[in-house]
Amino acid sequence: MRIAVLTDIHGNLPALQAVIGDIDKRGDIEHIYCLGDMLAIGYETDRVLELLFGRDDISIITGNHDETVLALSRQETYPESHQNERAHHQWITDRTNQGYLDMLHKLPRQIYQQIKGHTVLFTHYHIHPDKATAHISEEPFSRIVAPTLENLELLFQNHTDTELICFGHHHPIHHFRNNCSIFLNPGSLGCQPKPAAPYAIVDIKEEIKIEIIEVLYDNRSFLEGYERFKVPERDIILKIFHGGQL
């Protein structure tokens, strides 16, 4: 079985369109897994969600930005760790179709599956078992660790029986293996310092093989849109999350 794994779209519609186009062109990808953070940082929320929810071959989980926007939309406690981003998240919330927010609320936080006899975890990032159902204001996602095999083994030490651990949250690409597990983060699809959108193709048979794909696309109009739409914190976003490409 060949699956595609993508994560951290962050409202970047042209990047998502480029990746979905590449997947569809291949014609042999049986299912797509989206690992959260579809929203925020970027601004094309409704069109990103329209594309994702409009397909029947995508399984989606929520990330911290998705859940933070949901908390605002439902007038729930806002997480302390995101206080500096509150104005930005409120701007996103105010411009997101309520129907899509309702659909987001129904999504799971993690997916465990057996695929061709292999145990696979899809999660936005590590969550301690005691916080599996905790509200986003309780900071359920673990702190980001530097992408090394040693750090990931320690982070996911409660998943030693899981053969493939797919996650996002941290925007660089991660691909590590030990004797028990493969740790795969395909990298943020929507937040890169160059006009390329990464995702992973995972070929699951007796063995698990992984290929990281980078799809080139024209991101200039999207980047210019931060100023055009007066996105809150746009200068910081362009510098930190898009490498100051403009």
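Every number here is computed from the coordinates shown, using simple stated rules; none is lab data. Remember, predicted model here, so these are calculated numbers, not experimental data. FYI the Cβ positions are ideal-geometry reconstructions off the backbone, even for glycines, and counts take in every protein chain you see.
Would you mind finding the one in T96, T68, T62, T77 that is in contact with a helix residue (DSSP H, G or I) (Cβ under 6 Å, 6 or more places away or on another chain), assigned to a loop (DSSP other than H, G, I, E, B), of a type outside the set (K, R) and surrounded by 17 or more Cβ atoms within 10 Å (Cβ to Cβ)? Steps first, answer last, please.
On the way: T68 fails: assigned to a loop (DSSP other than H, G, I, E, B); T62 fails: in contact with a helix residue (DSSP H, G or I) (Cβ under 6 Å, 6 or more places away or on another chain); T77 fails: surrounded by 17 or more Cβ atoms within 10 Å (Cβ to Cβ).
Testing whether each residue is in contact with a helix residue (DSSP H, G or I) (Cβ under 6 Å, 6 or more places away or on another chain), assigned to a loop (DSSP other than H, G, I, E, B), of a type outside the set (K, R) and surrounded by 17 or more Cβ atoms within 10 Å (Cβ to Cβ) leaves just T96.
Please tell me if F241 is closer than 18 Å to W91 by Cβ and in contact with a Cys (Cβ under 6 Å, 6 or more places away or on another chain). Outline the logic, then answer.
On the way: closer than 18 Å to W91 by Cβ: yes; in contact with a Cys (Cβ under 6 Å, 6 or more places away or on another chain): yes.
Taking the combined requirement at face value, the residue satisfies it.
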task = Give me a count of the residues in the stretch 77-91 that are without any contact (Cβ under 8 Å) to a residue 40 or more places away in the chain and in contact with a His (Cβ under 9 Å, 6 or more places away or on another chain).
result = 1
task = Give me a count of the residues in the stretch 99-134 that are in a loop (DSSP other than H, G, I, E, B) and loosely packed, with under 14 Cβ neighbours inside 10 Å.
result = 7
query = Inside the stretch 136-161, can you point out the residues that are over 20 Å from the mean Cα position of the chain (by Cα), part of a loop (DSSP other than H, G, I, E, B) and not acidic (D, E)?
reply = T160
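Could you please find all residues in the stretch 1-37 being of a type in the set (S, T, N, Q) and in a loop (DSSP other than H, G, I, E, B)?
Just the residues of the stretch 1-37 that are of a type in the set (S, T, N, Q), to begin with: 7, 12, 17.
Once the filter is applied, which keeps residues that are of a type in the set (S, T, N, Q) and in a loop (DSSP other than H, G, I, E, B), the stretch 1-37 yields only N12.
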ask   = Say we look at the stretch 38-59 and pick out the residues that are charged (D, E, K, R), in contact with a Phe, Trp or Tyr (Cβ under 8 Å, 6 or more places away or on another chain) and in a helix (DSSP H, G or I); which of these is surrounded by the most Cβ atoms within 10 Å (Cβ to Cβ)?
value = D46
query = Among the numbered criteria (1) outside any helix (DSSP H, G or I); (2) farther than 30 Å from H31 by Cβ, which single criterion is violated by H88?
reply = (1)
ask   = Just a yes or no: is a residue in the stretch 143-164 closer than 27 Å to L49 by Cα, in contact with a helix residue (DSSP H, G or I) (Cβ under 8 Å, 6 or more places away or on another chain) and surrounded by 14 or more Cβ atoms within 10 Å (Cβ to Cβ)?
value = no
Among the residues listed as L16, L70, the single one being under 26 Å from R220 (Cβ atoms) and either among the basic types (K, R) or in contact (Cβ under 8 Å) with a residue 60 or more places away in the chain (or both) = L16
Breaking point among (1) under 30 Å from M1 (Cα atoms); (2) touching a helix residue (DSSP H, G or I) at 6+ places or on another chain (Cβ under 7 Å); (3) loosely packed, with under 15 Cβ neighbours inside 10 Å, for G21 = (2)
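If you check P172, P193, which single one turns out to be in contact (Cβ under 8 Å) with a residue 40 or more places away in the chain and surrounded by fewer than 18 Cβ atoms within 10 Å (Cβ to Cβ)?
P193
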